[in-house]
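Asks: Attaching a single structure in structure tokens format; questions to follow.
The values are calculated or read from the model by the stated rules, or taken from the named source; none is laboratory data. Since this is a predicted model, take the numbers as computed values, not measurements. FYI the Cβ positions are ideal-geometry reconstructions off the backbone, even for glycines, and counts take in every protein chain you see. Ligands, DNA and RNA are excluded from the accessible area calculation, which covers all protein heavy atoms including side chains. Shrake-Rupley method; radii C 1.70, N 1.55, O 1.52, S 1.80 Å.
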Amino acid sequence: EKGGYEHFMLKEIFEQPKSVKDSMRGRINAHKGHILLGGLREYINKLTQAQRIIILGCGTSWHAGLVAEYVFEELARIPVEVEYASEFRYRNPIINEGDVVIAISQSGETADTLAAIELAKSKGAIIFGVCNVVGSSIPRATHAGAYTHAGPEIGVASTKAFTAQVTVLTMMAIVVAKTKGTISDSLYRELLYALEAIPDQIQKTLNNHSQIKYISSIFRDARNFLYLGRGYNFPVALEGALKLKEISYIHAEGYPAAEMKHGPIALIDEEMPVVFIATQDSSYEKVVSNIQEVRARKGRVIAVVTEGDKLIKQMAEFVIEIPATHEALVPLLSVIPLQLLSYYIAVMRGCNVDQPRNLAKSVTVE
Ligand code: M6R
């Protein structure tokens with residue numbers, strides 16, 4: 001059942017070229033310039049005419065929502081708020097006409113997310129679901145939605161569900177942007193081709209697994225980790241830190257890289273590994289300066305970089321390369337090494353990676 005892998009988590013990490021492809025199958029054709037999400041059709045006007053999008057989720061699904069915030073705002077020019085479902089539901093939230101909600105959940109059974117949906121519905125919002133488990137409670141409670149086709153996720157740590165969620169949410173943003181005319185035809189085409197290339201690029205990233213395993217062996221006894229990224233990679237930093245905490249029980253924090261100087265920099269010494277997600281995008285130069293600041297304080301830098309990067313190679317102790325893609329799609333690649341890093345470290349520490357202590361696959365109670 002684990003398909004020859006030692007753990008479900010590893011199997012699911014390695015399934016991502018397929019699960020991302022499955023999430024796009026029949027929905028996108030770059031050559032023909034088509035993209036279609038059938039499950040949205042009936043309510044698509046609500047989404048394209050939305051004044052504001054509120055995204056709800058918990059844990060990793062909330063991180064996928066944060067990536068979607070950047071993508072929707074950039075491409076579709078709709079203001080987005082991403083809320084923890086558990087906070088939203090107890091806050092007497094303000095829902096105006098023209099607001100739409102997107103609820104994200106792998107299991108479709110998360111109690112807080114379901115309760116937040118019911119509350120938003122009672123205030124008149126139209127709700128879209130992005131869920132993995134077909135026929136689960138959340139898709140039944142929403143007006144419309146698009147399933148992620150990641151297949152069953154058994155490991156408690158969410159991996160392939162995250163990349164499938166980001167894939168589907170990005171497709172939704174592209175559909176809206178195209179309809180609204182907020183992206184040019186050439187950018188539209190470029191994004192479709194770039195999306196179609198992602199599964200092979202994930203495969204290429206996975207092929208680096210032995211290097212990541214080696215890096216894991218160096219840092220397996222660390223007591224803390226910092227994860228830093230900017231822009232589209234900020235949510236990836238949060239996700240990398242969550243993965244490590246959850247399965248290896250190492251304390252880890254994710255931050256937007258520029259926030260470092262507002263506090264976390266005080267933690268940096270020769271014992272602090274800092275994982276930078278430092279791909280060549282619009283915040284590259286700024287992240288490079290952040291790396292220099294960490295080096296100056298003797299922090300140990302592991303950097304996820306764009307293939308061929310020479311500058312960071314001279315500064316970081318370890319670099320992990322990922323293929324170049326459109327900036328908006330980088331999280332689909334940059335998260336992969338972080339999943340593997342947490343996996344190998346947890347295994348080396350003797351942790352039960354598929355069933356970490358104190359955690360359940362779906363949190364069906366408050
Ligand atoms: O099934 P859901 O996506 O609603 O679950 C949300 C969180 O409980 C989940 O992502 C959790 O944070 C994972 N264990 C993270 O790896």
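Asks: What are the GluC sites (Glu not before Pro) within the stretch 187-295 that DSSP puts in a loop, where the Cβ has at most 10 other Cβ atoms within 10 Å?
Replies: Here the sparse-neighbourhood loop sites are GLU270.
Asks: Here is the link list: LYS123/LYS160; LYS213/LYS361; LYS121/LYS204. Which ones come out longer than 31 Å on Cα distance?
Replies: Pairs exceeding 31 Å: LYS123/LYS160; LYS121/LYS204.
Asks: Could you list which residues have their amide H under 5 Å from that of ILE55, counting only those 5 or more apart in sequence or on another chain, with H placed in the peptide plane?
Replies: Answer set, sorted by chain and number: GLU81, VAL82, GLU83, ILE102.
Asks: Which whole-Hz ³J(HN,Hα) couplings does the stretch 344-349 yield from phi under the Karplus relation 6.51 cos²θ - 1.76 cosθ + 1.60, θ = phi - 60°, glycine and proline marked x?
Replies: 5, 4, 4, 5, 5, 8
Asks: Please name which of ALA144, CYS131, GLN165 has its Cα lying farthest along the dipole of the stretch 111-189 towards the positive end, using unit charges on Cβ (Lys, Arg +1; Asp, Glu -1) and the Cα centre as origin.
Replies: With unit charges placed on the Cβ atoms, the residue in question is ALA144.
Asks: Taking a probe of 1.4 angstrom, what is the accessible area of LYS160 in Å², to the nearest 10?
Replies: 10 Å²
Asks: When the Cα atoms of the stretch 119-207 are enclosed in a convex hull and the volume is divided per residue, what value in Å³ results?
Replies: Per residue, the Cα convex hull of the stretch 119-207 comes to 123 Å³.
Asks: Helix-only estimate, please: 222 nm mean residue ellipticity of the chain, summing -39500 (n - 2.57) across DSSP H runs of length 4 or more and dividing by its residues, to the nearest 500.
Replies: -13500 deg cm²/dmol, from helical runs alone.
Asks: Same structure again: Per-residue HN-Hα couplings for the stretch 262-271, Karplus 6.51 cos²θ - 1.76 cosθ + 1.60 at θ = phi - 60°, whole Hz, x for Gly and Pro?
Replies: Couplings: 9, x, x, 4, 5, 7, 7, 8, 5, 9 Hz.
Asks: Here's a follow-up. So for the stretch 270-346, Kirkwood radius off the Cα pairs, Stokes-Einstein at 37 °C and 0.692 mPa s: how many µm² s⁻¹?
Replies: 258 µm²/s
Asks: Report, largest value first, the span of the C-alpha coordinates of the chain along each principal axis, in whole Å.
Replies: So the three principal-axis extents are 54, 46, 44 Å.
Asks: OK, next. What are the ³J(HN,Hα) couplings of the stretch 142-156, residue after residue, when phi is run through the Karplus curve with 6.51, -1.76, 1.60 and θ = phi - 60°? Round to Hz, x for glycine and proline.
Replies: 9, 7, 7, x, 9, 6, 8, 10, 7, x, x, 10, 9, x, 5
Asks: So what's the angle, to the nearest 10 degrees on a 0 to 90 scale, between helix 59-71 and the longest Cα principal axis of the chain?
Replies: Rounded to the nearest ten degrees, it is 70.
Asks: Loop sites only, by DSSP: take the chymotrypsin sites (Phe, Trp or Tyr not before Pro) in the chain that have at most 16 other C-beta atoms within 10 Å and name the longest stretch containing none of them.
Replies: Within the chain, the longest run free of exposed chymotrypsin sites (Phe, Trp or Tyr not before Pro) spans 91-248.
Asks: Also, I was wondering about something else. Say each of GLU190 and GLU285 gets a label point 7 Å from the Cα, pointing the same way as Cα to Cβ; how far apart are those two points in nm?
Replies: About 1.9 nm, to one decimal.
Asks: Amide H neighbours of HIS149 under 5 Å, at least 5 residues apart or on other chains, H built in the peptide plane: list them.
Replies: Amide H to amide H, under 5 Å and 5 or more residues apart or across chains, HIS149 pairs with SER23.
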